[in-house]
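To start, the structure under review is shown below, and the notes come after it.
The values are calculated or read from the model by the stated rules, or taken from the named source; none is laboratory data. The shown structure was predicted, so the numbers you read here are calculated from the model rather than taken from an experiment. In this analysis, Cβ positions are derived from the backbone assuming ideal geometry, glycine residues included, and neighbour counts consider all displayed protein chains. Keep in mind that these areas ignore ligands, DNA and RNA; they rest on the heavy atoms of the full protein, side chains included. Shrake-Rupley method; radii C 1.70, N 1.55, O 1.52, S 1.80 Å.
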Amino acid sequence: MKDSNVKMKKDKAYIAYFHLPGLFEFYDLYREFLRLYREHREYFYDWCEIGSIYGAPADCVWGGGRVGYGDHDPVDVLALMEEYRISARLTFSNSLLRKEHLSDKKCNSLCKIFGRNNKTRNGVIIHSELLLDYLKTNYPNFYFVSSTTKVLTDFQAFLNEVKRDDFLYAVPDFRLNKDFENLNSLSESEKDKVEFLCNECCFFGCKDRKRCYESVSRKSLGENSTDFQCTAPEVNEGYRFSKAMESPGFIGIEDIKNVYLPMGFSNFKIEGRGLGSALILEFLLYYMTKPEYHIHVREAVYLDNMLDLF
């Protein structure tokens with residue numbers, strides 16, 4: 001299941017493709033950033049490109065992972081992605097969907113908009129097998145990404161997911177990021193399907209990650225989700241990029257250039273849909289922007305776009 005618009009390899013060149021958060025949530029930021037990315041490509045590393053931008057709007061019952069809050073018109077969002085030929089991914093990773101949820105008008109409307117035969121093929125990040133079967137039947141133009149919300153910490157279980165023809169990509173749990181012995185044993189075609197979550201801030205030893213995602217799924221469904229309370233160390237601090245960098249699962253730019261790309265991996269997911277736009281900009285600066293041009297990008301985004309910092 002390959003498509004020229006989403007195939008993430010350029011011959012044998014080492015190119016990192018970043019999958020960025022906030023399709024609906026950070027529309028204003030991307031409207032300015034993508035203009036800079038096109039007009040001033042010299043600001044950015046030549047070894048990276050944008051593979052996709054993912055997200056879900058507010059009140060999206062199929063949503064999961066994080067509760068979406070974006071409210072921009074989906075038609076405008078799609079138009080922006082089409083202008084820059086970037087694949088849009090709908091984050092439909094709710095793990096607790098039931099048959100009655102499949103008829104949701106808002107989610108089906110999104111699929112009709114993004115699932116047309118557009119200039120660039122769009123995708124869906126998905127968890128539920130029920131929803132996967134429904135979308136394959138009703139919206140066949142989508143490609144599918146197996147969600148990290150499945151919490152596949154066992155490498156063989158993850159490999160089984162990679163081998164499935166249903167998925168163009170599969171995102172492992174971040175605890176597998178440095179399992180190099182097993183990762184390097186994958187075939188080239190299998191490596192093409194692996195998409196690493198780079199900047200996860202959650203406690204590396206967390207054993208409640210699946211329950212956490214299920215709690216978010218209940219919130220998206222409008223159900224009571226007070227049964228789960230995170231007990232990870234320093235949970236009250238919220239997301240800290242500096243803390244994420246200290247995680248054993250963190251993948252930084254030197255790791256990407258010197259380890260993952262030479263091994264044959266090229267897809268890297270940046271989390272952050274539930275964060276503020278200022279932090280998303282920091283991710284874009286760190287992962288994609290040459291240090292000497294950080295100030296140029298900051299000034300353009302903050303001054304021209306009046307970006308809300310908080």
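Key figures
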read-out: Point-to-point label distance, LYS257-ARG35, nm (Cα→Cβ direction, 7 Å offset); value: 3.0
read-out: Intensity falloff of region 14-134 expressed as log10 I(q)/I(0), Debye formula with alpha-carbon point scatterers, at q = 0.13, 0.19, 0.20 Å⁻¹; value: -0.52, -1.02, -1.11
read-out: Under-5 Å amide H pairs with ASP173, H placed in peptide plane, nonlocal only; value: LEU152
read-out: Spin-label model distance (nm) - SER187 vs TYR302, 7 Å beyond Cα toward Cβ; value: 5.0
read-out: Given LYS99/LYS193; LYS105/LYS269; LYS106/LYS219; LYS193/LYS243; LYS119/LYS163; LYS191/LYS290, the pairs whose alpha carbons are separated by over 18 Å; value: LYS99/LYS193; LYS105/LYS269; LYS193/LYS243; LYS119/LYS163; LYS191/LYS290
read-out: Dipole magnitude of region 253-294 about its Cα centre (Cβ charges: Lys, Arg +1; Asp, Glu -1), debye to nearest 20; value: 140
read-out: Whole-Hz couplings from phi, Karplus 6.51/-1.76/1.60, listed for region 159-174; x for Gly and Pro; value: 4, 4, 5, 4, 6, 5, 5, 5, 10, 7, 9, 9, 9, x, 4, 5
read-out: In Hz, Karplus ³J(HN,Hα) per residue of region 101-111 (6.51, -1.76, 1.60; θ = phi - 60°; x = Gly, Pro); value: 6, 5, 8, 3, 5, 5, 5, 5, 4, 4, 5
read-out: Region 288-302 - phi-based ³J(HN,Hα) in whole Hz, Karplus 6.51/-1.76/1.60, Gly and Pro as x; value: 10, 10, 4, x, 5, 10, 4, 5, 5, 5, 4, 4, 4, 6, 6
read-out: Solvent-accessible surface (1.4 angstrom probe) belonging to MET263, in square angstrom, nearest 10; value: 40
